[in-house]
Amino acid sequence: MPKLEGFEFWSRTLGGARHVVAPMVDQSELAWRLLSRRHGAQLCYTPMLHAQVFVRDANYRKENLYCEVCPEDRPLIVQFCANDPEVFVQAALLAQGYCDGIDLNLGCPQMIAKRGHYGAFLQDEWDLLQSMILLAHEKLSVPVTCKIRVFPEIDKTVRYAQMLEKAGCQLLTVHGRTKEQKGPLSGSASWEHIKAVRKAVAIPVFANGNIQCLRDVERCIQDTGVQGVMSAEGNLHNPALFEGRSPAVWELAEEYLDIVRQHPCPLSYVRAHLFKLWHHTLQVHQLLREELAKAKTLEGVAAVSRELKLRCQEDMARQKEGEKPAGGLPFFHWICQPYFRPGPKEGSKENGGAGSKRALEEEEGSMDVLSKNKQKKQLRNPHKTFDPSLKPKYARCDQCGNPKGNRCVFNLCRGCCKKRAFKEMADCPGHGLLFKTKLEKSLAWKGAQTRLQDPQQAGPGEPGGLPEALGGALA
(Lines give C-alpha, C1' and ligand atoms only; values in the text may rest on other atoms or scores of the structure.)
Protein backbone atom coordinates (compact mmCIF):
# COMPACT_ATOMS: atom_id res chain seq x y z
CA MET A 1 0.00 0.00 0.00
CA PRO A 2 1.51 3.38 -1.00
CA LYS A 3 2.31 5.85 1.77
CA LEU A 4 -0.42 8.44 2.23
CA GLU A 5 0.61 12.08 2.09
CA GLY A 6 -0.69 15.49 3.12
CA PHE A 7 -4.45 15.86 3.41
CA GLU A 8 -5.02 12.22 2.51
CA PHE A 9 -2.85 11.19 5.47
CA TRP A 10 -4.73 13.59 7.78
CA SER A 11 -8.21 12.58 6.66
CA ARG A 12 -7.76 8.80 6.27
CA THR A 13 -5.00 7.74 8.66
CA LEU A 14 -5.60 10.36 11.34
CA GLY A 15 -9.36 10.36 10.85
CA GLY A 16 -9.47 14.10 10.20
CA ALA A 17 -8.34 14.73 13.80
CA ARG A 18 -9.10 18.23 15.10
CA HIS A 19 -8.48 17.72 18.83
CA VAL A 20 -4.84 16.86 19.47
CA VAL A 21 -2.86 16.17 22.65
CA ALA A 22 0.66 17.58 22.42
CA PRO A 23 3.92 15.68 22.94
CA MET A 24 4.91 16.42 26.56
CA VAL A 25 8.07 15.07 28.20
CA ASP A 26 7.14 12.70 31.06
CA GLN A 27 3.49 13.78 30.73
CA SER A 28 1.89 12.38 27.55
CA GLU A 29 2.51 8.77 28.57
CA LEU A 30 0.08 5.96 27.65
CA ALA A 31 -2.17 6.31 30.71
CA TRP A 32 -2.64 10.04 30.14
CA ARG A 33 -3.23 9.55 26.42
CA LEU A 34 -5.96 6.99 27.14
CA LEU A 35 -7.60 9.37 29.63
CA SER A 36 -7.48 12.20 27.08
CA ARG A 37 -8.94 9.99 24.33
CA ARG A 38 -11.86 9.07 26.59
CA HIS A 39 -12.61 12.79 26.87
CA GLY A 40 -12.52 14.02 23.31
CA ALA A 41 -8.91 13.82 22.10
CA GLN A 42 -8.76 12.38 18.57
CA LEU A 43 -4.98 12.20 18.09
CA CYS A 44 -2.10 11.92 20.59
CA TYR A 45 1.66 12.28 20.42
CA THR A 46 4.15 10.35 22.55
CA PRO A 47 6.51 12.30 24.80
CA MET A 48 9.59 13.51 22.96
CA LEU A 49 12.08 10.65 22.60
CA HIS A 50 15.83 11.06 22.03
CA ALA A 51 16.65 9.46 18.69
CA GLN A 52 20.23 8.59 19.59
CA VAL A 53 19.23 6.89 22.86
CA PHE A 54 16.34 5.12 21.12
CA VAL A 55 18.76 3.61 18.59
CA ARG A 56 21.37 2.39 21.05
CA ASP A 57 19.31 1.39 24.10
CA ALA A 58 16.87 -1.53 23.85
CA ASN A 59 15.51 -0.85 27.34
CA TYR A 60 14.72 2.76 26.40
CA ARG A 61 12.75 1.51 23.37
CA LYS A 62 10.93 -1.03 25.51
CA GLU A 63 10.04 1.39 28.31
CA ASN A 64 8.96 4.27 26.09
CA LEU A 65 7.21 2.60 23.16
CA TYR A 66 7.32 -1.16 22.75
CA CYS A 67 5.67 -1.97 26.11
CA GLU A 68 2.99 0.69 25.62
CA VAL A 69 1.28 -0.91 22.62
CA CYS A 70 -2.48 -0.58 23.09
CA PRO A 71 -5.19 -0.87 20.39
CA GLU A 72 -7.11 2.05 21.94
CA ASP A 73 -4.06 4.30 21.59
CA ARG A 74 -4.39 5.06 17.87
CA PRO A 75 -3.91 7.14 15.85
CA LEU A 76 -0.54 7.88 17.43
CA ILE A 77 2.46 9.96 16.32
CA VAL A 78 5.90 9.29 17.81
CA GLN A 79 8.05 12.38 18.28
CA PHE A 80 11.86 12.38 18.20
CA CYS A 81 14.48 15.03 18.81
CA ALA A 82 17.57 14.61 16.63
CA ASN A 83 20.27 16.58 14.85
CA ASP A 84 21.68 13.90 12.58
CA PRO A 85 19.78 12.59 9.50
CA GLU A 86 21.06 9.01 9.77
CA VAL A 87 20.34 8.71 13.50
CA PHE A 88 16.87 10.23 13.08
CA VAL A 89 15.99 7.76 10.34
CA GLN A 90 17.41 4.77 12.23
CA ALA A 91 15.26 5.65 15.25
CA ALA A 92 12.20 6.23 13.06
CA LEU A 93 12.64 2.87 11.34
CA LEU A 94 12.62 1.17 14.76
CA ALA A 95 9.44 3.03 15.75
CA GLN A 96 7.38 3.14 12.54
CA GLY A 97 5.70 -0.22 13.16
CA TYR A 98 4.17 1.09 16.38
CA CYS A 99 2.64 4.36 15.19
CA ASP A 100 0.95 6.23 12.34
CA GLY A 101 3.55 8.94 11.82
CA ILE A 102 6.98 10.18 12.93
CA ASP A 103 7.38 13.76 14.15
CA LEU A 104 10.61 15.77 14.31
CA ASN A 105 10.74 18.09 17.30
CA LEU A 106 11.77 21.57 16.13
CA GLY A 107 9.94 23.41 18.90
CA CYS A 108 11.56 22.62 22.27
CA PRO A 109 12.92 25.93 23.65
CA GLN A 110 14.43 24.63 26.90
CA MET A 111 18.09 24.96 27.89
CA ILE A 112 18.59 21.19 27.67
CA ALA A 113 17.64 21.43 23.97
CA LYS A 114 20.21 24.19 23.49
CA ARG A 115 22.92 22.08 25.13
CA GLY A 116 21.88 19.00 23.15
CA HIS A 117 21.56 20.99 19.91
CA TYR A 118 18.02 19.98 19.02
CA GLY A 119 14.45 21.31 19.07
CA ALA A 120 13.93 25.01 18.36
CA PHE A 121 17.70 25.55 18.36
CA LEU A 122 17.91 23.94 14.90
CA GLN A 123 15.50 26.43 13.31
CA ASP A 124 18.32 28.41 11.65
CA GLU A 125 19.99 25.32 10.16
CA TRP A 126 17.78 24.89 7.12
CA ASP A 127 20.19 22.71 5.12
CA LEU A 128 20.44 20.20 7.99
CA LEU A 129 16.67 20.14 8.50
CA GLN A 130 16.07 19.71 4.79
CA SER A 131 18.40 16.70 4.65
CA MET A 132 16.76 15.13 7.73
CA ILE A 133 13.22 15.45 6.36
CA LEU A 134 14.23 14.37 2.84
CA LEU A 135 15.92 11.20 4.08
CA ALA A 136 13.06 10.33 6.43
CA HIS A 137 10.47 10.91 3.71
CA GLU A 138 12.43 8.63 1.38
CA LYS A 139 13.13 5.79 3.85
CA LEU A 140 10.06 5.57 6.09
CA SER A 141 6.84 3.70 5.42
CA VAL A 142 4.87 6.24 7.50
CA PRO A 143 4.66 10.01 6.90
CA VAL A 144 7.07 12.42 8.58
CA THR A 145 5.68 15.51 10.33
CA CYS A 146 7.22 18.50 12.13
CA LYS A 147 6.39 20.67 15.14
CA ILE A 148 7.93 24.13 14.95
CA ARG A 149 8.05 27.49 16.72
CA VAL A 150 7.75 30.74 14.82
CA PHE A 151 10.31 33.41 14.04
CA PRO A 152 9.49 37.00 15.09
CA GLU A 153 9.00 37.83 11.38
CA ILE A 154 5.92 36.33 9.72
CA ASP A 155 7.55 36.16 6.26
CA LYS A 156 10.55 34.20 7.59
CA THR A 157 8.21 31.82 9.41
CA VAL A 158 6.31 31.25 6.15
CA ARG A 159 9.52 30.54 4.21
CA TYR A 160 10.61 28.15 6.99
CA ALA A 161 7.33 26.22 6.74
CA GLN A 162 7.52 26.08 2.94
CA MET A 163 11.07 24.71 3.12
CA LEU A 164 9.93 21.88 5.42
CA GLU A 165 6.95 21.13 3.17
CA LYS A 166 9.19 20.99 0.10
CA ALA A 167 11.58 18.61 1.90
CA GLY A 168 8.76 16.10 2.53
CA CYS A 169 6.94 17.14 5.71
CA GLN A 170 3.33 15.91 5.45
CA LEU A 171 1.78 17.74 8.40
CA LEU A 172 2.99 20.80 10.28
CA THR A 173 2.21 21.84 13.85
CA VAL A 174 2.94 25.53 14.46
CA HIS A 175 3.39 26.78 18.00
CA GLY A 176 2.74 30.50 17.74
CA ARG A 177 5.57 31.52 20.08
CA THR A 178 9.25 32.16 19.43
CA LYS A 179 11.92 30.07 21.14
CA GLU A 180 12.55 32.98 23.51
CA GLN A 181 8.93 32.88 24.75
CA LYS A 182 9.04 30.39 27.62
CA GLY A 183 8.46 30.24 31.37
CA PRO A 184 7.62 33.68 32.80
CA LEU A 185 8.31 35.21 29.37
CA SER A 186 5.77 33.03 27.52
CA GLY A 187 3.26 35.72 26.65
CA SER A 188 0.54 35.05 24.08
CA ALA A 189 0.96 32.87 21.01
CA SER A 190 0.58 34.64 17.66
CA TRP A 191 -2.29 33.21 15.67
CA GLU A 192 -1.38 35.65 12.87
CA HIS A 193 1.82 33.67 12.25
CA ILE A 194 -0.16 30.41 12.21
CA LYS A 195 -2.76 31.85 9.84
CA ALA A 196 -0.04 33.02 7.43
CA VAL A 197 1.59 29.57 7.42
CA ARG A 198 -1.75 27.87 6.83
CA LYS A 199 -2.38 30.04 3.76
CA ALA A 200 1.12 29.47 2.38
CA VAL A 201 1.38 25.65 2.49
CA ALA A 202 -0.58 22.85 0.85
CA ILE A 203 -0.34 20.38 3.76
CA PRO A 204 -2.49 20.12 6.93
CA VAL A 205 -1.56 22.50 9.76
CA PHE A 206 -2.23 22.16 13.49
CA ALA A 207 -2.19 25.24 15.73
CA ASN A 208 -0.63 25.24 19.20
CA GLY A 209 -0.84 28.02 21.80
CA ASN A 210 -3.50 29.98 23.75
CA ILE A 211 -5.80 26.94 24.08
CA GLN A 212 -7.50 26.79 27.49
CA CYS A 213 -11.06 25.67 26.69
CA LEU A 214 -13.21 24.34 23.84
CA ARG A 215 -14.25 27.88 22.85
CA ASP A 216 -10.56 28.65 22.21
CA VAL A 217 -10.33 25.55 19.99
CA GLU A 218 -13.32 26.61 17.89
CA ARG A 219 -12.17 30.23 17.70
CA CYS A 220 -8.64 29.20 16.67
CA ILE A 221 -9.92 26.98 13.83
CA GLN A 222 -12.22 29.75 12.65
CA ASP A 223 -9.59 32.54 12.86
CA THR A 224 -6.62 30.66 11.38
CA GLY A 225 -8.20 28.05 9.08
CA VAL A 226 -6.09 25.22 10.54
CA GLN A 227 -7.15 21.57 10.34
CA GLY A 228 -6.67 20.86 14.05
CA VAL A 229 -5.69 22.35 17.39
CA MET A 230 -3.07 20.95 19.76
CA SER A 231 -3.22 21.48 23.52
CA ALA A 232 -0.54 20.92 26.15
CA GLU A 233 -0.94 23.04 29.30
CA GLY A 234 -4.73 23.26 28.91
CA ASN A 235 -4.99 19.48 28.57
CA LEU A 236 -2.88 18.89 31.70
CA HIS A 237 -5.18 21.02 33.85
CA ASN A 238 -8.40 19.73 32.26
CA PRO A 239 -8.23 16.50 30.21
CA ALA A 240 -11.93 17.00 29.40
CA LEU A 241 -11.12 20.27 27.59
CA PHE A 242 -12.04 18.85 24.17
CA GLU A 243 -15.43 17.75 25.50
CA GLY A 244 -16.21 21.30 26.56
CA ARG A 245 -16.62 20.15 30.17
CA SER A 246 -15.11 21.32 33.45
CA PRO A 247 -15.76 18.37 35.80
CA ALA A 248 -14.81 18.04 39.46
CA VAL A 249 -11.07 17.41 39.74
CA TRP A 250 -11.48 14.17 41.68
CA GLU A 251 -13.56 12.68 38.87
CA LEU A 252 -10.64 12.82 36.43
CA ALA A 253 -8.00 12.15 39.10
CA GLU A 254 -9.70 8.89 40.11
CA GLU A 255 -10.21 7.84 36.49
CA TYR A 256 -6.54 8.53 35.71
CA LEU A 257 -5.35 6.53 38.74
CA ASP A 258 -7.52 3.59 37.64
CA ILE A 259 -5.91 3.67 34.19
CA VAL A 260 -2.42 3.83 35.75
CA ARG A 261 -3.19 0.64 37.70
CA GLN A 262 -3.85 -1.07 34.35
CA HIS A 263 -1.00 0.64 32.46
CA PRO A 264 1.72 1.43 35.03
CA CYS A 265 4.12 4.33 34.56
CA PRO A 266 6.79 5.97 36.77
CA LEU A 267 5.36 7.45 39.98
CA SER A 268 6.95 10.81 39.14
CA TYR A 269 4.63 11.08 36.11
CA VAL A 270 1.56 10.33 38.24
CA ARG A 271 2.54 12.81 40.93
CA ALA A 272 3.18 15.52 38.33
CA HIS A 273 -0.25 14.97 36.78
CA LEU A 274 -2.00 15.23 40.14
CA PHE A 275 -0.11 18.42 40.95
CA LYS A 276 -1.51 19.87 37.72
CA LEU A 277 -5.06 18.58 38.22
CA TRP A 278 -5.22 19.68 41.87
CA HIS A 279 -3.24 22.89 41.29
CA HIS A 280 -5.87 25.35 42.47
CA THR A 281 -6.97 23.19 45.42
CA LEU A 282 -3.36 22.83 46.59
CA GLN A 283 -3.17 26.63 46.83
CA VAL A 284 -5.93 26.38 49.46
CA HIS A 285 -4.89 23.17 51.27
CA GLN A 286 -1.14 23.67 51.21
CA LEU A 287 -0.25 21.05 53.82
CA LEU A 288 -1.49 18.38 51.43
CA ARG A 289 0.91 19.67 48.79
CA GLU A 290 3.77 18.47 50.99
CA GLU A 291 2.02 15.13 51.56
CA LEU A 292 1.62 14.62 47.80
CA ALA A 293 5.29 15.48 47.22
CA LYS A 294 6.39 12.93 49.84
CA ALA A 295 4.16 10.03 48.70
CA LYS A 296 6.35 7.08 47.66
CA THR A 297 3.76 4.67 46.23
CA LEU A 298 0.80 4.82 43.88
CA GLU A 299 -1.56 4.04 46.76
CA GLY A 300 0.09 6.80 48.80
CA VAL A 301 -0.59 9.29 46.00
CA ALA A 302 -4.16 7.99 45.69
CA ALA A 303 -4.67 8.45 49.44
CA VAL A 304 -3.64 12.12 49.22
CA SER A 305 -6.01 12.56 46.27
CA ARG A 306 -8.86 11.07 48.32
CA GLU A 307 -8.08 13.43 51.20
CA LEU A 308 -8.15 16.38 48.79
CA LYS A 309 -11.56 15.21 47.59
CA LEU A 310 -12.86 15.15 51.19
CA ARG A 311 -11.49 18.65 51.83
CA CYS A 312 -13.21 19.91 48.68
CA GLN A 313 -16.52 18.34 49.69
CA GLU A 314 -16.22 20.05 53.08
CA ASP A 315 -15.55 23.38 51.31
CA MET A 316 -18.61 22.79 49.13
CA ALA A 317 -20.76 22.13 52.22
CA ARG A 318 -19.61 25.44 53.74
CA GLN A 319 -20.22 27.37 50.54
CA LYS A 320 -22.73 30.19 50.89
CA GLU A 321 -25.38 30.96 48.33
CA GLY A 322 -24.17 33.54 45.83
CA GLU A 323 -20.53 33.16 46.92
CA LYS A 324 -17.99 33.71 44.13
CA PRO A 325 -14.71 31.82 43.58
CA ALA A 326 -11.72 33.31 45.40
CA GLY A 327 -8.58 34.58 43.71
CA GLY A 328 -10.32 35.69 40.53
CA LEU A 329 -10.77 32.09 39.32
CA PRO A 330 -13.56 31.38 36.79
CA PHE A 331 -14.70 28.37 38.88
CA PHE A 332 -14.28 27.16 42.44
CA HIS A 333 -10.93 25.49 43.10
CA TRP A 334 -12.36 21.93 42.99
CA ILE A 335 -13.40 22.35 39.34
CA CYS A 336 -10.99 21.59 36.45
CA GLN A 337 -10.08 24.93 34.90
CA PRO A 338 -7.28 26.70 33.05
CA TYR A 339 -4.06 27.82 34.70
CA PHE A 340 -2.79 31.18 33.55
CA ARG A 341 0.97 31.43 33.92
CA PRO A 342 1.99 34.69 35.66
CA GLY A 343 3.96 37.06 33.45
CA PRO A 344 7.16 38.97 34.23
CA LYS A 345 7.06 41.48 37.06
CA GLU A 346 6.22 45.02 36.14
CA GLY A 347 9.68 46.20 37.12
CA SER A 348 11.21 44.22 34.29
CA LYS A 349 9.33 46.37 31.76
CA GLU A 350 11.42 49.43 32.49
CA ASN A 351 13.80 48.40 29.72
CA GLY A 352 11.06 47.94 27.20
CA GLY A 353 10.15 44.46 28.43
CA ALA A 354 13.47 43.08 27.26
CA GLY A 355 14.38 41.50 30.59
CA SER A 356 15.82 38.02 30.27
CA LYS A 357 14.80 34.98 32.26
CA ARG A 358 18.17 35.12 34.01
CA ALA A 359 17.49 38.72 35.04
CA LEU A 360 14.13 37.67 36.45
CA GLU A 361 15.73 34.87 38.44
CA GLU A 362 18.32 37.26 39.85
CA GLU A 363 15.58 39.72 40.72
CA GLU A 364 13.66 37.01 42.58
CA GLY A 365 16.83 35.85 44.30
CA SER A 366 17.50 39.40 45.54
CA MET A 367 14.14 39.28 47.34
CA ASP A 368 15.06 36.05 49.15
CA VAL A 369 12.33 34.18 47.26
CA LEU A 370 13.22 30.55 46.56
CA SER A 371 12.06 28.79 43.41
CA LYS A 372 9.66 25.86 43.73
CA ASN A 373 12.46 23.36 43.08
CA LYS A 374 14.60 24.90 45.83
CA GLN A 375 11.65 24.91 48.20
CA LYS A 376 11.19 21.18 47.56
CA LYS A 377 14.88 20.54 48.27
CA GLN A 378 14.64 22.52 51.49
CA LEU A 379 11.60 20.46 52.56
CA ARG A 380 13.65 17.30 52.13
CA ASN A 381 16.67 18.83 53.91
CA PRO A 382 15.80 21.77 56.22
CA HIS A 383 19.50 22.52 56.80
CA LYS A 384 20.22 23.04 53.09
CA THR A 385 21.32 26.54 52.16
CA PHE A 386 21.34 28.25 48.78
CA ASP A 387 23.57 31.16 49.79
CA PRO A 388 26.58 31.02 47.42
CA SER A 389 28.83 32.56 50.08
CA LEU A 390 28.15 29.65 52.43
CA LYS A 391 28.84 26.90 49.91
CA PRO A 392 32.04 24.94 50.63
CA LYS A 393 35.01 25.71 48.41
CA TYR A 394 36.68 22.68 46.86
CA ALA A 395 40.26 22.33 45.69
CA ARG A 396 40.32 21.50 41.99
CA CYS A 397 41.79 18.51 40.20
CA ASP A 398 45.15 19.30 38.57
CA GLN A 399 43.99 17.84 35.25
CA CYS A 400 40.27 18.44 34.64
CA GLY A 401 39.19 21.10 37.12
CA ASN A 402 36.61 18.96 38.93
CA PRO A 403 36.80 18.85 42.76
CA LYS A 404 39.78 16.71 43.78
CA GLY A 405 39.77 14.06 46.47
CA ASN A 406 40.95 15.40 49.83
CA ARG A 407 43.06 12.31 50.46
CA CYS A 408 44.09 11.54 46.89
CA VAL A 409 47.82 10.75 46.64
CA PHE A 410 47.92 12.32 43.15
CA ASN A 411 45.82 15.44 43.99
CA LEU A 412 43.25 14.45 41.33
CA CYS A 413 39.52 13.82 41.10
CA ARG A 414 38.43 10.19 41.19
CA GLY A 415 38.12 9.84 37.41
CA CYS A 416 41.59 11.19 36.66
CA CYS A 417 43.06 9.33 39.65
CA LYS A 418 41.65 6.03 38.40
CA LYS A 419 43.25 6.50 34.97
CA ARG A 420 46.65 7.41 36.43
CA ALA A 421 46.65 4.71 39.11
CA PHE A 422 45.81 2.08 36.48
CA LYS A 423 48.49 3.36 34.11
CA GLU A 424 51.17 3.33 36.83
CA MET A 425 49.81 0.25 38.66
CA ALA A 426 49.71 2.28 41.86
CA ASP A 427 47.37 2.54 44.86
CA CYS A 428 45.29 5.48 46.04
CA PRO A 429 43.70 4.60 49.43
CA GLY A 430 41.90 7.94 49.46
CA HIS A 431 39.79 6.91 46.46
CA GLY A 432 39.74 3.21 47.37
CA LEU A 433 41.81 2.30 44.28
CA LEU A 434 44.17 -0.64 44.97
CA PHE A 435 45.59 -1.62 41.58
CA LYS A 436 49.14 -2.33 42.94
CA THR A 437 47.88 -4.32 45.94
CA LYS A 438 45.53 -6.40 43.81
CA LEU A 439 48.28 -7.11 41.26
CA GLU A 440 50.65 -8.29 44.00
CA LYS A 441 47.96 -10.51 45.51
CA SER A 442 47.20 -11.94 42.08
CA LEU A 443 50.84 -12.75 41.40
CA ALA A 444 51.25 -14.32 44.82
CA TRP A 445 48.16 -16.46 44.29
CA LYS A 446 49.39 -17.61 40.87
CA GLY A 447 52.77 -18.51 42.38
CA ALA A 448 51.10 -20.55 45.11
CA GLN A 449 48.97 -22.39 42.52
CA THR A 450 52.10 -23.24 40.52
CA ARG A 451 53.86 -24.64 43.61
CA LEU A 452 50.85 -26.76 44.50
CA GLN A 453 50.83 -28.25 41.00
CA ASP A 454 54.63 -28.95 41.07
CA PRO A 455 55.83 -29.66 44.64
CA GLN A 456 59.46 -30.02 43.49
CA GLN A 457 59.58 -26.25 42.69
CA ALA A 458 58.78 -25.27 46.31
CA GLY A 459 61.73 -25.07 48.73
CA PRO A 460 62.02 -27.37 51.78
CA GLY A 461 59.67 -26.22 54.52
CA GLU A 462 57.71 -23.91 52.19
CA PRO A 463 54.00 -24.49 51.56
CA GLY A 464 53.74 -27.19 48.93
CA GLY A 465 57.40 -28.23 49.42
CA LEU A 466 58.65 -31.57 50.86
CA PRO A 467 59.41 -31.75 54.59
CA GLU A 468 63.15 -31.24 55.30
CA ALA A 469 63.60 -34.71 56.82
CA LEU A 470 61.88 -36.46 53.93
CA GLY A 471 63.80 -34.36 51.44
CA GLY A 472 67.13 -35.29 53.08
CA ALA A 473 66.25 -38.97 53.17
CA LEU A 474 65.40 -38.98 49.50
CA ALA A 475 68.70 -37.26 48.73
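The values are calculated or read from the model by the stated rules, or taken from the named source; none is laboratory data. All values reported here derive from a predicted model rather than from experimental measurement. Reconstructed Cβ throughout: ideal geometry from the backbone, glycine too, with neighbour counts over all protein chains shown. Ligands, DNA and RNA are excluded from the accessible area calculation, which covers all protein heavy atoms including side chains. Shrake-Rupley method; radii C 1.70, N 1.55, O 1.52, S 1.80 Å.
For the chain, build the charge dipole from Cβ charges (+1 Lys, Arg; -1 Asp, Glu) around the Cα centre, then report which of Gln283, Ala161, Gly447 sits farthest towards its positive end. About the Cα centre, the residue reaching furthest to the positive side is Gly447.
Of all DSSP-defined beta bridges confined to the chain, some 10% are antiparallel rather than parallel. Overall, the chain carries a charge dipole of about 1040 debye about its Cα centre when +1 sits on the Cβ of Lys and Arg and -1 on the Cβ of Asp and Glu, all other atoms neutral. Based on alpha-carbon atoms, the Kirkwood radius and the radius of gyration of the range 249-343 give Rg/Rh equal to 0.98.
Ligands, DNA and RNA left out, the accessible area of the range 6-246 computed with a 1.4 Å probe is 49% carbon and sulfur. Write out the GluC sites (Glu not before Pro) in the range 70-148 meeting two conditions: DSSP loop, and at most 14 other Cβ atoms within 10 Å of their Cβ. Hits after loop and neighbour filter: Glu72, Glu125. Note on the range 146-172 and the range 195-214: Cα centroid distance 12 Å, given to the nearest whole angstrom. The rule of thumb for compact globular proteins, 2.2 N^0.38 Å, goes into the C-alpha radius of gyration of the range 6-246 0.92 times.
Put simply, the convex hull of the Cα atoms in the chain casts, on average, a shadow of 35.6 nm². Roughly what percent of Cα-Cα pairs across the range 48-101 reach past 16 Å? Roughly 35 percent, once rounded to a whole number. Computed from the C-alpha gyration tensor, the three semi-axes of the ellipsoid equivalent to the range 107-238 are 23, 18, 14 Å, from longest to shortest. Only protein atoms count toward the accessible area here, which uses a 1.4 Å probe; on the range 259-318, the carbon and sulfur part of that area reaches 55 percent.
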